[in-house]
Amino acid sequence: MVEPGMTPTTPARPDGPVPPAPARSGGLGAAMMRRKPVERLIAEGGQGEGGRLKRSLGMWQLTMISIGATLGTGIFVVLGEAVPLAGPAVVLSFVAAGLTALFSALSYAELAGTIPVSGSSYSYAYATMGELIAWICGWCLVLEYAVSVAAVAVGWGKYLNELLSGTIGVTIPGWMANPPGAGGVINLPALLVVVLAMGFLLGGARESARANTIMVLVKVASLILFCAVAFTGIRAGNYKPFMPLGLGGVSAGGAKLFFSYIGFDAASTAGEEAKNAKRDMPRAIMLSLFVVTALYCLVALVAVGAMPWKKFADADAALAQIMKDVTGQSFWSVLLAAGAVIAIASVVLTVMYGQTRILFSMARDGLVPKLFARVSPKSGIPVANTLIVSAFCGVLAAVVPLGALADATSIGTLFAFALVNAAVIVLRKTRPDMPRSFKVAFSPVTPAIGFALCLLLMGSFELITWECFIGWMAIGLVVYFTYGMRRSQLAREARTEK
């Protein structure tokens, strides 16, 4: 265990070959390739600037974090955007996206049990592929988590409107319920849910986990209720033709719906607050993915059977609309909208949690300002980090449309997932004797397939999404070469050893 205020300089438990030391010379190339030993990453776990993160989460809480971060806007909102692309075959789109997520989830599970720290794929890349790749991965995660929060918050506002209009007959004016470019000036409901999530996060990890667990149970119950009610409205003719837009439509739908699976890796960001990270994190990741995939496929199958697929394009809150059409009553749609409001709020909460912990790890390594690693000694919470992330996500949610946010999030996530699959292969080769609480079967074939599937789905995005992604990466490289490369902890150590 590392005492507060101390920086570990040697591995806590050396397993296998001695890890590489920070590069002392060799110029730019050596600086970009310097790696942080796995043992050192583990030894530094929990330590921040002025305090430590508290270990308070068990397997149940970790699983609920992953389900909470995943199950939400994808099924409640993005489903309505994917059905027009794939038709009734949107069920296959969910399977395709879920298969891609499964291969990456296996890799995440192995690395989460081997390197149980808060940095998720950023830390895995730092230990295996070097500082530059780690930075790129971390920069992608900033895009994934921060923009995902904003996208989810936008979807929350749509169901809040449905709930208010169905209960008290009030509709939020368009100018304050939609961002610029989507018929409004500012999306205040989206901003509101970000502020609410910030309040829970500032209360502590355990308290946030308890609130999230309640919200997860409510949204699972809401989706089961939807399936039970909408099942009575299924018409066999709605499934014909099953694949009206061909395999290309299924692929496009899968790329759109991959957004629905973002978040299963959230448990890997809690490595330094888990009671038994090596045992519980792999289990939480796999269990959450199976639960989410089963619910997604069931809901999609019932939804396209209960409403003709062409009508989804005109439905803002598709599932609530189906409930209303099937029963002829507004009560059921209002009940579902209430569940959706709670469900989507839990996604905002858990994804914001993941974002703050990734920035915490990057700040501890010196790649972003140390402010993000500053922990309150009383609460064990990175307060300044949480406030900054909340402000950034709130602004994005208030002014950017959902569609653009979802696609930008998905492509950044796929790139990060591809790097995680590569990291498994590299670590198996460089540290074959390292203890692993979970091992991917048939490696390196399985992670190689996961890597290829990620690249395949990335190729399905439109040019504008690629342009945004490349622009984001270019900004990230500028930040790294002008700030991170010289200020990283390993760089400082290399300079003092000369």
C-alpha long axis of helix 188-202 to longest principal axis of the chain, angle in °: 40
Quote to one decimal, in nm, the extra length available between L456 and D325 on full extension: 0.36 nm per residue of separation minus the C-alpha distance between them. 43.4 nm
When K240, K36, K275, K311 are arranged by how many other beta-carbons sit within 10 Å of their Cβ, fewest first, they go K240, K275, K311, K36
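About the Cα centre of the range 57-497, how large is the charge dipole given +1 on each Lys and Arg Cβ and -1 on each Asp and Glu Cβ? Please answer in debye to the nearest 20.
Working: 28 positive and 20 negative charges, 161 e Å.
It works out to roughly 780 debye.
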Based on other C-beta atoms within 10 Å, arrange Y480, Y296 from fewest to most. Y480, Y296
Can you give me the angle between helix 90-114 and the longest principal axis of the chain, using Cα atoms only, in degrees from 0 to 90, rounded to the nearest 10? 20
Longest to shortest principal axis, alpha-carbon extents of the range 148-264, angstrom: 50, 36, 32
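Quote the FRET efficiency, to the nearest 0.05, computed for L225 versus F481 with a Förster distance R0 of 51 Å and r equal to the Cβ-Cβ distance. Intermediate values should be presented prior to the final figure.
Values: r = 52 Å, r/R0 = 1.03.
For R0 = 51 Å, the calculated efficiency reads 0.45.
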Highest mean packing first, using Cβ neighbours within 10 angstrom, the peptides 132-140, 421-429, 246-254, 169-177 sort as 132-140, 421-429, 246-254, 169-177
For L367, the residues 5 or more places away or on another chain with a placed amide H closer than 5 Å to its own amide H are Q489
On each of the three principal axes of the Cα atoms of the range 91-215, give max minus min coordinate, whole Å, ordered largest first. 55, 38, 29
Sorted from largest down, what three extents in whole angstroms do the Cα atoms of the chain have along their principal axes? 75, 46, 39
Hey, what angle do you get for helix 445-458 against the long axis of the chain, alpha-carbon based, 0 to 90 degrees rounded to 10? 60
Name the residue from M243, G119, L396 whose Cα lies farthest towards the positive end of the charge dipole of the chain, charges +1 on Cβ of Lys and Arg and -1 on Cβ of Asp and Glu. G119
Just going by the charge dipole of the range 57-497, with Lys and Arg at +1 and Asp and Glu at -1 on Cβ, which of M307, S330, T63 is farthest out on the positive end? T63
Could you check the simple spin-label distance between M434 and I214, using points 7 Å along Cα→Cβ, in nm with one decimal? 4.0
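Rule-based calculations on the coordinates, nothing more; no lab input. The model shown is predicted, which means the values in this text are computed figures rather than measured ones. Neighbour counts run over all protein chains shown; Cβ positions are idealised from the backbone, glycine included.
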